[in-house]
Every structure is written in structure tokens, then in C-alpha cells.
Amino acid sequence: MFIQISMSNYLKLASALFLSLFFILNDQSLAQDSNKFIERGTLTVVVTGFPNEEGNCRFALDNSKAVYEREDSVWIGKVLPIINKQVIVVIDSLAYGEYAVRVFHDENENEKIDTNFLGIPTEDYGYSNDALDWFGPPSWEKAKFIFNQPEMRLEIKVDSFL
């Protein structure tokens, strides 16, 4: 069976197919390039207040309340040497958003924050915004900060608070 198509109908069909193909391919390229539109910057965190250079600094950058409140996970975690009683962490290409930083001085390198018999930390620690709480770590709301600029510097002073 042979179907006869007029020239004007043929042009309309060809145009519709061309436009459909154009939009499909364009949509796929936008999906592949979607990361190009996310605003990013550089976060520099300076941690001071270390009484000595023994052991190391355990650094955690969390990107949500759920990650922050878990003791067994971090979004970005680093174990860093203490040089001149301070630690400087530079994170490039960080997407704009809400974050919180927590650090502690793992002086004896046992990979955990040591506490006394009451559960009070005996190793120095600190949080973004110098957030504190009387009974346990400060809440996400106290420690979080908004990262929304090309370059940002954050300073945290560790202390044992005893």
C-alpha cells in the first residue's frame, strides 16, 4: 500500500521531526552541563588554639543536619597535621549551601575524642560559629553557616572547655 503525502504535509512533518530531535538533543546536553550552573567557591578554614603539635586534627565538614548528627559519618573528613599550633584547610569548588564544621585534637591518635568518667571531652574540640552547648555537641542550627560567596574564611578556636 502506498501513501501519498503532499509536499506541504511533507515539509510540516519534516519540520516537526527536526524540531523534536533538536529539543531532545538540547535537553540532553543541558542535563549533562547542569553542574556548570551550580555556583561554587573556595572555603578556607583556619583552626587555632592547639596547645601543642602532638597527634593530629580531625576535621569534618557536614552538608546537612542528618550527616552532622551522625557520629559515624561526615560529608568531607580529613586527618591533618598541626603545624605552628594551627591547621589550615582549603576546600575548592565547594557548592553554595549550608554547612557545619567540627574539629578535635586527636592528641594520642586513637581516632576518637577522649572523655573523662562523666563523658566530658578531655581533648580540645571546636565547631563552626564557635558554637557550644552545655550537654553534648551543639545543634546543627547553632553550628551551621551559609556558604554563598566566591571566597570565604572561617576561623575556629579549639578548646577543652574544662
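For every residue, the table says whether it meets (1) assigned to a strand (DSSP E or B); (2) in contact (Cβ under 8 Å) with a residue 12 or more places away in the chain.
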residue	(1), (2)
Ala100	yes, yes
Phe104	yes, yes
Ile113	no, yes
Leu118	no, no
Glu123	no, yes
Gly126	yes, yes
Asn129	no, yes
Leu132	no, yes
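How about segment 38-61: which of its residues are buried (at least 16 other Cβ atoms within 10 Å of the Cβ), within 13 Å of Leu154 (Cβ to Cβ) and either in contact with an Asp or Glu (Cβ under 7 Å, 6 or more places away or on another chain) or not hydrophobic (A, V, I, L, M, F, W, C) (or both)?
Across segment 38-61, the qualifying residue is only Gly41.
Just name the residue that is surrounded by the fewest Cβ atoms within 10 Å (Cβ to Cβ) out of those in segment 122-162 that are among the small types (Gly, Ala, Ser) and closer than 17 Å to Gln86 by Cβ.
Ser160
Only the coordinates and a few stated rules stand behind these numbers; no lab work does. Everything numeric here is computed off the predicted structure, so don't read it as measured data. Here Cβ is always computed from backbone atoms with ideal geometry, including for glycine, and neighbour counts include all displayed protein chains.
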